[in-house]
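Since every read-out is calculated from the coordinates, none of them should be taken as a lab result. Keep in mind that this is a model prediction, so the values were computed, not measured. Because the Cβ atoms are built from the backbone with ideal geometry, glycine has one as well, and the counts that use them run over all protein chains shown.
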Amino acid sequence: MRILAIDPGQKRIGIAVSDPSGTIANPLTVIHHISRPVDAATIAAFATDYEVNKIVVGQSLDEDNQPTLEGRRAARLAAAIRQQTDIPVQLWDESNSTGAARFASIQMGESYKKRRQRSQGHLDDLAATVILQSYLDGQGEICNG
């Protein structure tokens, strides 16, 4: 079961995809935000191209587990994606995905210069990967629990 994950942002949208078994997340690409309908159509096209069975959209939540402003924007993007495809779309808590992506880049041995370039907006695909791996790991816990 291949899954696509989305890290929505105001300027860029990170996209990650799982391996065919649905166990390992991999960064795919970053697209530039144009408009919600155009972004949704682009994401739906990626989902079709990669033959995914589900799309997971990262949603930020506050300390009361309620969507933040960005989380509400993510929900609207998820709704727009649902209008573009029959593939199931699920919201998933993206708490600290960018921080985890930054930490992962350090752990992978990325040079300071490369991390600095990433910090200028290119962590989006890694953040989508963190969201997706969190989702995949959570599904394993549900299945094994």
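What is the extension gain from ASP49 to GLN10, computed as 0.36 nm multiplied by their sequence separation minus the C-alpha to C-alpha distance, in nm to one decimal?
Gain in length upon complete extension: 11.6 nm.
Given H placed on each backbone N at 1.01 Å, which residues far from SER95 in sequence or on other chains put an amide H within less than 5 Å of it?
So SER95 has HN proximity to LEU61.
Would you mind checking which residues have amide H under 5 Å from VAL17's amide H? H placed 1.01 Å from N; only 5 or more apart, or other chain.
Residues meeting the criterion, in which the H sits 1.01 Å from N, are ALA5, ASN26, LEU28.
Extension gain ALA41-LEU69, at 0.36 nm per residue separation less the Cα-Cα distance, in nm?
7.8 nm
Take each of the peptides 64-74, 8-18, average the number of other beta-carbon atoms within 10 Å over its residues, and list them starting from the highest.
Ranking, from highest mean packing down: 8-18, 64-74.
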